[in-house]
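Sharing a structure, written as structure tokens. Questions coming.
The values are calculated or read from the model by the stated rules, or taken from the named source; none is laboratory data. Quantities reported herein were computed from a predicted structural model and do not represent experimental measurements. Methodologically, a virtual Cβ is constructed for each residue, glycine included, from the backbone with ideal geometry; neighbour enumeration extends over all protein chains shown. Heavy atoms of the whole protein, side chains included, go into the accessibility calculation; ligands, DNA and RNA do not. Shrake-Rupley method; radii C 1.70, N 1.55, O 1.52, S 1.80 Å.
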Amino acid sequence: MLTITLKPGKEKSLLRRHPWVFASAIDRIEGKPEEKAKSGATAVVQSSSGQFLARAAYSPKSQIRARAWSFDQNEPIDHALIKRRIRNALAYRNLSVRDTDAIRLIFGEADGFPGLVVDWYAGKQGTLVCQFQSAGVEAWKTPIVQALMSETGCPNVYERSDASVREREGLPLVTGVLAGDEPGAETHVVENGVRYAVDIKHGHKTGFYIDQRDNRRLVMEQAAGRHVLNCFCYTGGFSLAALKGGAASVLSIDSSADALETGKRNMALNGFDSNLAEWRDADVFKTLRALREQGRTFDLIVLDPPKFASSPDHVERAARAYKDINLLGMQLLREGGLLFTYSCSGAISADLFQKIVAGAVNDARVDARIVRRLSAGADHPMTTSFPEGEYLKGLMLQKP
Ligand code: SAH
């Protein structure tokens with residue numbers, strides 16, 4: 001058995017049940033040479049005084065050198081643990097998620113599977129889409145896939161392990177069928193009564209921004225009779241929700257022509273009047289400035305940009321970008337209008353995001369009510385021990 005012994009004082013985060021062991025915290029690794037070379041091998045992690053801390057998956061190439069599977073000395077890491085955790089994750093979704101068949105079934109650390117994402121589209125006839133983003137879950141891929149199929153009753157499993165974080169684990173980027181049928185060009189899901197086409201094989205992430213479900217619903221509830229601007233619209237998630245809610249018009253902007261095509265296709269799938277929607281293939285920063293020059297205003301604006309800060313080093317630059325679009329957003333908003341603004345940068349806390357937005361509101365020389373603080377849906381659970389899981393944060397603001 002591989003044993004990882006930490007430097008004195010470095011046991012604190014594991015004692016708080018935070019699952020990551022950084023290379024810099026390790027004093028020594030003992031075991032057979034073949035174990036030490038094995039990516040994803042199970043190791044016992046102990047304090048400098050020999051106290052058991054966790055069983056963890058060893059990742060020889062990553063800065064996160066081990067990820068805890070369990071803090072319980074009596075819990076073996078085996079097929080039964082995998083089954084138990086999948087069953088538990090499924091029970092939690094049954095309790096907390098409704099009105100959709102696009103569900104995040106496994107959200108990494110928060111579900112006891114560090115580095116694993118599983119999104120389930122279109123029910124038992126649909127597809128489970130997996131991203132194995134760490135050495136540990138990669139090593140247990142086959143039993144994980146088998147347990148996913150037996151617990152959900154869905155026989156189709158597709159792998160989208162093409163996120164660059166895999167390279168930090170020394171793992172190659174791979175995609176392809178793991179079980180059952182290959183997904184077609186379009187998988188149809190229905191979220192809050194809206195039909196969306198999802199491209200599992202080529203779309204962003206696993207094909208759809210499942211995390212924004214509750215926020216799309218909020219927009220739906222507020223859209224009636226309003227002129228809506230949806231920035232960074234991707235395949236039109238918020239645009240379709242606004243139309244379902246009775247929006248008077250929706251202008252959607254994205255720099256991906258393919259995503260916009262799917263957005264238009266989604267309009268047709270729902271039978272919405274195409275005259276109500278304009279899809280613009282353009283840069284949001286430039287377009288917001290142009291709209292301001294033209295004196296255009298909107299009743300409801302959504303700003304859901306990509307991750308501007310991909311690491312803590314980029315926070316300052318990202319903050320400027322967030323401030324810029326939020327300033328423009330506030331200027332384009334009519335009195336009484338609503339701004340839904342988001343950041344999915346893990347490196348920017350909810351607190352910092354609110355400060356950035358406050359700076360933008362101030363520069364626009366207006367006031368803003370915080371109607372609500374926003375986050376990802378319940379199928380992206382937040383846990384007390386892993387604050388990194390809270391990557392998506394947002395604010396619903398009203399211009400008085
Ligand atoms: N709101 C969407 C998800 C947005 S993802 C949903 O609910 O489904 C971010 C999107 O921003 C991507 O589609 C990407 O193509 C787009 N994007 C990134 N930079 C951009 C820019 N400068 N101008 C316009 N679109 C941009």
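Taking H placed 1.01 Å from N in the peptide plane, check which residues at least 5 places from Ser70 or on another chain put their amide H under 5 Å from its amide H.
Residues meeting the criterion, in which the H sits 1.01 Å from N, are Arg55.
Could you tell me the relative contact order of the chain? Use alpha-carbon pairs under 8 Å, at least six residues apart, and round to a whole percent.
11 percent
Using only Cα atoms and rounding to the nearest 10 degrees, what angle (0 to 90) does helix 79-96 make with the longest principal axis of the chain?
20 degrees
Can you work out the Karplus-derived ³J(HN,Hα) for every residue in region 285-291? Use 6.51 cos²θ - 1.76 cosθ + 1.60 with θ = phi - 60°, whole Hz, and x for glycine or proline.
Couplings: 4, 5, 5, 4, 5, 5, 4 Hz.
Please list the non-local residues whose amide H lies under 5 Å from the amide H of Leu251, H modeled 1.01 Å from N, same-chain partners needing a gap of 5 or more.
Under 5 Å from the amide H of Leu251 lie the amide H atoms of Val228, Leu229, Asn230, Glu278, each far enough along the sequence or on another chain.
Also: Roughly what would the spin-label model give for Arg373 and Asn74, points 7 Å off Cα along C-beta, in nm?
Each label point is offset 7 Å from its Cα along the Cβ direction, giving 3.8 nm.
Right, next: Please state the shape class of region 310-384: rounded when a/c is under 1.5, otherwise prolate if a/b exceeds b/c and oblate if not, all from the C-alpha gyration tensor.
oblate
So, one more: Antiparallel DSSP bridges in the chain: what percent, to the nearest 5?
If I count the DSSP bridges inside the chain, around 65 percent turn out antiparallel.
Here is a follow-up. Quick one: give the max-minus-min coordinate of the C-alpha atoms of region 79-185 along each principal axis, largest first, in Å.
37, 32, 23
May I ask you to work out the translational diffusion coefficient for region 73-141 at 10 °C, viscosity 1.306 mPa s, via Stokes-Einstein with Rh from the Kirkwood sum over Cα pairs, reported in whole µm²/s?
Reported coefficient: 124 µm²/s.
If you don't mind, another one. Across region 15-26, in residue order, what do the Karplus-derived ³J(HN,Hα) couplings come to in whole Hz, using 6.51 cos²θ - 1.76 cosθ + 1.60 with θ = phi - 60° and x for Gly and Pro?
5, 8, 6, 7, x, 9, 10, 7, 4, 5, 8, 8
I would also like to ask the following. Taking every pair of distinct Cα atoms and averaging 1/r, then inverting, what Kirkwood hydrodynamic radius in Å comes out for the chain?
So the Kirkwood estimate lands at 22.5 Å.
Still on this structure, please answer the following. For region 2-70, what relative contact order do you get, as a whole percent, if you take Cα pairs closer than 8 Å and at least 6 residues apart?
38 percent
Next question, about the same structure. With a 1.4 Å probe and every protein chain left in place, work out the accessible area per residue of region 15-158 in Å², rounded to a whole number.
I get 43 Å² per residue for region 15-158.
Based on alpha-carbon positions alone, could you give the equivalent ellipsoid semi-axes of region 209-398 from the gyration tensor, as √(5λ), descending, whole Å?
Ellipsoid semi-axes (Å, largest first): 25, 20, 16.
Let me ask something additional. Relative to the present Cα-Cα distance, how much length would full extension add between Lys32 and Gln125 at 0.36 nm per residue of separation?
Net length gain for the segment: 29.0 nm.
Could you give me D for region 225-293, from Stokes-Einstein at 4 °C and 1.567 mPa s, where the hydrodynamic radius is the Kirkwood radius over C-alpha pairs? Units µm² s⁻¹, please.
Taking Rh from Cα pairs, D becomes 110 µm²/s.
Moving on to the next point. Straight-line reach from Lys244: which lysines have Cα under 16 Å away, leaving out those fewer than 8 places along the same chain?
Lys244 reaches Lys264.
Here's a follow-up. Show the residues, 5+ positions off or on another chain, whose built amide H is closer than 5 Å to the amide H of Phe22.
Residues meeting the amide H criterion: Arg65.
Most fluctuating residue of Ser349, Ser62, Ser164 in a GNM of the chain with Cα springs under 10 Å: which is it?
Comparing Ser349, Ser62, Ser164 in the GNM, the peak value goes to Ser164.
Using Cα atoms only, what is the angle between the long axis of helix 257-270 and the major principal axis of the chain, expressed in degrees (0 to 90) to the nearest 10?
Rounded to the nearest ten degrees, it is 70.
Can I ask one more? Quick check: pseudo-label points 7 Å beyond the Cα along Cα→Cβ at Val174 and Arg296, how many nm apart are they?
It works out to 4.6 nm between the two label points.
Whole-Hz Karplus ³J(HN,Hα) for region 337-353, in order, using 6.51 cos²θ - 1.76 cosθ + 1.60 and θ = phi - 60°, x for Gly and Pro?
Karplus-based 3J(HN,Hα) across region 337-353 equals x, 10, 10, 9, 10, 10, 9, 10, 7, x, 6, 10, 6, 4, 5, 5, 4 Hz.
What does the convex hull of the Cα atoms come to per residue for region 143-282, in Å³?
Hull volume over Cα atoms, normalised by residue count, gives 127 Å³.
Based on the alpha-carbon gyration tensor of region 15-164 and its eigenvalue square roots a ≥ b ≥ c, which shape applies: rounded if a/c is under 1.5, prolate if not and a/b is larger than b/c, or oblate?
Prolate shape, in that a/c is at least 1.5 and a/b is the bigger ratio.
Further question on the same structure: Based on a Kirkwood Rh over C-alpha pairs, give the Stokes-Einstein translational diffusion coefficient of region 2-70 at 10 °C and viscosity 1.306 mPa s in µm²/s.
Approximately 138 µm²/s, per Stokes-Einstein.
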